[in-house]
Amino acid sequence: MTNSAPSPADKSYPCGSTETTKLTHTPLRPFGRVVRAAGGGARIDDIPVETLRRWTEESRVLVLRGFQLLPKQDFADYCRLWGEVLAWEPGEVVDLVVEENPKNYLFASGDVPLHWDGAFVEADPRYFFFQCLDVTPGVGGETVFSDTSRVYRDADDELRERWSRISMTYSTDKVVHYGGEITERLVSQHPATGIPVLRFAEPLSPQAYKNPVHVKVHGIDESEAEEFLGALAERVHRPEYCYAHDWQAGDIVIADNFSLIHGRNAFTGPTKRHLQRVEVI
Ligand SMILES: [Fe+2]
């Protein structure tokens, strides 16, 4: 099945106790899906978790529009239906807002290079959930998702063989809620589908970012490491692999943190954007 195909056909779901709500599926490009509920009264728990899980695995990024946002604790409790919720230092629900003078680039207005969440914690989250409480339209800041399962699929045998021998050590100082040093193989397997995926976080130079991430490549000659990292970064940024999500207030987004790596475009002006994020192992 292609991941952009609406599936199943648009269908109505019970909404509350008496109503039904009509859902419309719209594919995003090059991957992802918007599921829109008519009427404005729909709740995310009107749709069975297993259905949403399937849609997320098919589409990688699932955008729900026309659904009520949840109070903070309810949001965490809902996500618990999907699995264990990762508890960060700020709590299970992390408020993502752009700060005036942030310690960490996640809270700054510049770009966020591609990475996967959970690199510096014990468990890799399987899904992440966002709800968008507020936005400033037209000032950039899109969340960019790169589908590494497609990057791998399109690589030739020689490149795959080279990748299979690579692992990388990432290190960063803990300035907000994560930090440390980890070593990961570049090629991994999606835990649900078994499809090969790439675990790759772009290096962050100390000149350009508040909290640099250093990357050491194992499995190739050290003299080739810089060129290798540059070529890999170029590949995962290709438009055919990347979906940029332009947030609307009221969006609920579920994304597959194993198939995807993600980052953010820079903001081009002041923003009042407020996202809440929960990660499920
Ligand atoms: Fe992230």
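The values are calculated or read from the model by the stated rules, or taken from the named source; none is laboratory data. A quick note: this is a predicted structure, and the numbers were derived from the prediction, not measured. A quick note on method: Cβ atoms are made from the backbone with ideal geometry, for glycine too, and the neighbour counts reach across all protein chains shown.
Would you be able to tell me the number of residues in region 137-158 that are surrounded by 15 or more Cβ atoms within 10 Å (Cβ to Cβ) and part of a helix (DSSP H, G or I)?
Here the count works out to 5.
Please go through (1) in a strand (DSSP E or B); (2) more than 15 Å from the ligand (Cβ to nearest atom) for I254 and return the number of the only condition it doesn't satisfy.
Among (1) in a strand (DSSP E or B); (2) more than 15 Å from the ligand (Cβ to nearest atom), the lone unmet condition for I254 is (2).
Would region 96-108 turn up any residue that is out of contact with any helix residue (DSSP H, G or I) (no Cβ under 8 Å at 6 or more places or on another chain), within 25 Å of R264 (Cβ to Cβ) and modelled with pLDDT of 75 or more?
No; the residues of region 96-108 include none that is out of contact with any helix residue (DSSP H, G or I) (no Cβ under 8 Å at 6 or more places or on another chain), within 25 Å of R264 (Cβ to Cβ) and modelled with pLDDT of 75 or more.
What tally of residues in region 56-73 results from selecting those that are more than 16 Å from D251 (Cα to Cα) and over 15 Å from the mean Cα position of the chain (by Cα)?
Total meeting the criteria: 1.
Tell me which strands (runs of 3 or more DSSP E) are completely within region 3-44 and hold 3 or more residues being at pLDDT 50 or above, surrounded by 15 or more Cβ atoms within 10 Å (Cβ to Cβ) and not assigned by TED's automatic domain parsing to the domain that holds V151, or say none if there are none.
Of the strands (runs of 3 or more DSSP E) lying wholly inside region 3-44, those with at least 3 residues that are at pLDDT 50 or above, surrounded by 15 or more Cβ atoms within 10 Å (Cβ to Cβ) and not assigned by TED's automatic domain parsing to the domain that holds V151 span 19-27, 33-37.
Looking at region 176-194, can you tell me whether even one residue there is closer than 29 Å to V49 by Cβ and of a type in the set (V, I, T)?
yes
Across region 186-203, what is the number of residues that are outside any strand (DSSP E or B) and farther than 9 Å from M168 by Cβ?
8
Tell me, yes or no, whether region 207-219 has at least one residue that is of a type in the set (G, A, S) and part of a strand (DSSP E or B).
no
For V139, state whether it is away from the ligand (no atom under 16 Å from the Cβ) and at pLDDT below 95.
yes
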